[in-house]
Amino acid sequence: NIILAISQGNPNLKPTESINYDASVEYYNQSGGLFEAAAYYKDINNFIYAASVTGAAPSSQTASLANAGVTISQPENGGSAKLMGVELNARQQLKFLPGPWSGLGVGVNATFQHSEADSKRADHFGRKTWLPRAPEQIFNIEAFYNYGNFSADLTYQYTGLQLVNLTSNNLDNYLQPTKFLNLSVGYVLNGVNFTLAAKNLTNEP
């Protein structure tokens, strides 16, 4: 057998600490609509990220493997990080439409954020990165129906580019944007809710 990579734990991790600042406003109209805007800022210390090393080992026990070209991955503590962003949310059922059409509704949620992090890695000296797993854009667009005992929800979800882990050669790993279209249909019969759900209808990677 050929060993290509090793993943190991880290019992020496410190807890992540964060001071958060949040402000939001909400508005509800008389026809069941919701409109919300929020802003946030997070000052983070000792954030945890996935680190990988090739050609040198985090510990002496795996030195021979790493020097042979095996990639060793484990969680590590970074230094400080900052995350700031805004979130916008709106949802409205079209109750002004006649009859069963009044069950139709639409919703949208969007997050825009920016992060900056210092991993404190010796091989990253002076280089700032994104905060891992903090995409700059997230969108959710929804069309729903809720009338009588029947309900349905069609949702499009988009998550932007994400930093996954930091490497010893500065070729950090990223997760490409993901896009999913999901459907959920439900019916209430004698107090029992039956639901059929399908995810990733367009078979996206």
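Here are the numbers for this structure:
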{"item": "Single match in 125, 139, 35, 112 (criterion: open to solvent by 50 Å² or more (accessible area, probe 1.4 Å), modelled with pLDDT under 90 and out of contact with any helix residue (DSSP H, G or I) (no Cβ under 7 Å at 6 or more places or on another chain))", "result": "125"}
{"item": "Test: residue in region 49-68 that is at pLDDT 90 or above and surrounded by fewer than 16 Cβ atoms within 10 Å (Cβ to Cβ)", "result": "no"}
{"item": "In region 36-53, the residues that are within 18 Å of the chain's Cα centre (by Cα) and either under 28 Å from residue 89 (Cβ atoms) or not aromatic (Phe, Trp, Tyr) (or both)", "result": "38, 39, 40, 41, 42, 44, 47, 48, 50"}
{"item": "Filter result for residue 153 (among the charged types (D, E, K, R), surrounded by 16 or more Cβ atoms within 10 Å (Cβ to Cβ) and modelled with pLDDT of 95 or more)", "result": "yes"}
{"item": "Candidate set: region 69-89, residues that are assigned to a loop (DSSP other than H, G, I, E, B) and at pLDDT below 90; chosen: the one surrounded by the most Cβ atoms within 10 Å (Cβ to Cβ)", "result": "70"}
{"item": "All positions within region 155-193 that are in contact with a helix residue (DSSP H, G or I) (Cβ under 7 Å, 6 or more places away or on another chain) and closer than 18 Å to residue 47 by Cβ", "result": "166"}
{"item": "Inter-residue pairs, beta-carbon under 6 Å, first in a loop (DSSP other than H, G, I, E, B) and in region 1-20, second open to solvent by 70 Å² or more (accessible area, probe 1.4 Å), 6+ apart", "result": "16/48"}
{"item": "Subset of region 175-205 (residues that are open to solvent by less than 60 Å² (accessible area, probe 1.4 Å), over 24 Å from residue 150 (Cβ atoms) and part of a strand (DSSP E or B))", "result": "178"}
{"item": "Answer from 131, 171, 104, 161 - the residue that is surrounded by 17 or more Cβ atoms within 10 Å (Cβ to Cβ), out of contact with any Asp or Glu (no Cβ under 6 Å at 6 or more places or on another chain), closer than 30 Å to residue 70 by Cβ and aliphatic (A, V, I, L, M)", "result": "131"}
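The values are calculated or read from the model by the stated rules, or taken from the named source; none is laboratory data. Quick caveat, the model's predicted, so the values are computed rather than measured. Neighbour counts run over all protein chains shown; Cβ positions are idealised from the backbone, glycine included. Ligands, DNA and RNA are stripped out before the accessible areas are found, and what is left, the full protein with its side chains, is counted by its heavy atoms. Shrake-Rupley method; radii C 1.70, N 1.55, O 1.52, S 1.80 Å.
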